[in-house]
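Let me begin by presenting the structure, written as structure tokens, before commenting on it.
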Amino acid sequence: MQQHSDSETLFLYSTTVSDIGTVRSNNQDSSFAGEHLVAICDGMGGHAGGDTASTIAIRSLAHIEQDDVHGDVQAISGMMETSVMAAHDAIVGKAKRERKLAGMGTTVTAVALVRGYWILAHIGDSRAYLLRDGKLSRMTTDHSYVQHLIDTGRITEAEARNHPQRNVVMRVLGDFDIDPRPDIGVFAAHPTDRWMLCSDGLCGVLEDSTIEKTLSSVSDQEECAQQLVAMALKAGSTDNVTAVIADATLALDADAFDLPHQTPLIGGAAGASLEAIADIVNEPVASAPNLRQTISSPAQRAAALAQEPDDEAESPRVAQPSAMRAQNIAKADTDTGEIPVVHKEDGRISADPNDPEVAKAIANEHAQQTQDRRSHKLHTRIRMIIGAILALIILVAGAFGAYQWSQSKYYLGRGDGVVSIYQGVNTNLFGFALSHKVENTNIALSELPQAWLDQINEGISVDGLSDARDHVTLIKREIGDLKTDKTDNGSGSGTQSSSTSSSSGGSSPSSSSPKATASSKGGK
């Protein structure tokens, strides 16, 4: 096919809408809608991983937005494949550095308009649809398990929608042992071509016929994206839902007038990285519009009115590239890098920091942020002081309680050569003894048998002072008994000798009785 001549230049208008949905706790989809590039990335890997993976992929592709202006089809085609592979390497590297991100990954479906041709890069189960002359064509093949079952004739398209493994992808970027090379396609672009890129939160619940009818009948891009996302949620989608709409328009003589310009829109998780993406494309980028809630009842309208201030706070924002941020700071010293979008009275939208109304909005926001920071610091200091005081009170109370408990105990231990009574427990805490001597006894350590001496060395614990004194009395009594036994044993030996001597001349019945001998052996 022949390319369009330079006098018949195709240019791209695009928009995106992304919504967290009704079930998920965070949005793991990311999208990009520019003048030369559109992309959708559906992240996976849990709360901390999917949004990171999809953001990395968008950042890796974003440079195509400016690089394709002077490129050729073959070069940009290779560049898109390389960018997808680079995103894979970056995701794997980050997952290895941060263990909590292990297992994260993302799909990638991206389309670039280069010199009259569409270049399509695709991996995963997000989809790209092309509406041409009123007919819808699916331009991507899902890299999923259910698609494999469809291709092999095991299930039908209708059965795939409710298959229990419909979310299992066979090829994807990320921390998996899977081929990360994307499918690359090149197609001649036609004027009035309309692309719709979406995550499976949309195409997984809407029929192709519904998508075709909406794309054909709703000419306004944002309204079309809004309706598709809203219909997917109404149809019961439990996933994040993201749609990107891109239209090719023909300028018959590009040199005769300035081509329309749009600020690239960033949707979903990547919307938290506006400044980084603005630096990559080297031009301002804006956050994508939020999904407008469908109001169908008086109660819903009342709720919408009550939430109006919050909706204004979430209005689209524009981030300038670093060169412009530095220039604006030098001019006004009020630019935060995130420029608020101001809706002027004449209907225009402005994000120029030199516009008086924008400058006023920046100043108000800066003042509010300063007040919030001061309030946050004050509250943090108060919490830290209260926490330190409470910790000190608990520590002192614990130490005092432990000491009081220790002083209710007594033990017998070694004194200066004698057994002594101590109040407390026989230990120390951080070098501080938890006992002190109450009184010495008159029991010399040298008098103690070895068994008693071993116990005294370890400390004999008792419940009170009276128990300690009773124990001293017991020790004295046993020492006295031991001394008496020694004396008795000495006199008993002499008596036994004389008895033996006096009976040596006669015969004793008991000594000769066998029965007496047997009883004695049994006693042993």
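Laboratory data are not the source of any read-out in this text; all were calculated from the coordinates shown. Remember, predicted model here, so these are calculated numbers, not experimental data. Glycine gets a Cβ as well: all are built from the backbone with ideal geometry, and neighbour counts include every protein chain shown.
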Practice item. For the stretch 410-487, give the magnitude of the charge dipole about the Cα centre (Cβ charges: +1 Lys/Arg, -1 Asp/Glu; no others), in debye to the nearest 20. Key: 160
Exercise for review: Could I have the simple spin-label model distance between ARG374 and ASN162, label points 7 Å from Cα toward Cβ, reported in nm to one decimal?
Suggested key: 6.2
**Study point:** Mean Cβ neighbour count within 10 Å, used as a protection proxy, ranking 475-487, 276-288 highest first
**Key:** 276-288, 475-487
Point to revise | Positive-end residue of MET79, GLY105, CYS224, charge dipole of the stretch 9-292 with Cβ unit charges | key: GLY105
**Study point:** Contour excess over end-to-end distance, with Cα ends at HIS261 and GLU478 and 0.36 nm allotted per residue
**Key:** 67.4 nm
Exercise for review: Place the peptides 19-25, 237-243 in order of packing, highest mean first, counting for every residue the other Cβ atoms within 10 Å and averaging per peptide.
Suggested key: 237-243, 19-25
Exercise for review: Would you grab the residues whose amide H sits under 5 Å from the one on TRP118? Only those 5+ places off in sequence or on another chain, please, with H modelled 1.01 Å from N.
Suggested key: PHE187, ALA188, ALA189
Exercise for review: Would you mind ranking ILE460, ILE56, ILE155 so that the residue whose beta carbon has the fewest other beta carbons within 10 Å leads the list?
Suggested key: ILE155, ILE460, ILE56
Check your understanding: Between ASN440 and ALA399, what is the FRET efficiency for a Förster distance of 35 Å, r being their Cβ-Cβ separation, to the nearest 0.05?
Key -> 0.75
Review point. Give me the log10 of I(q) over I(0) for the stretch 9-292 at q = 0.09, 0.15 Å⁻¹, as the Debye formula computes it from C-alpha points; what are the numbers?
Key: -0.37, -1.10
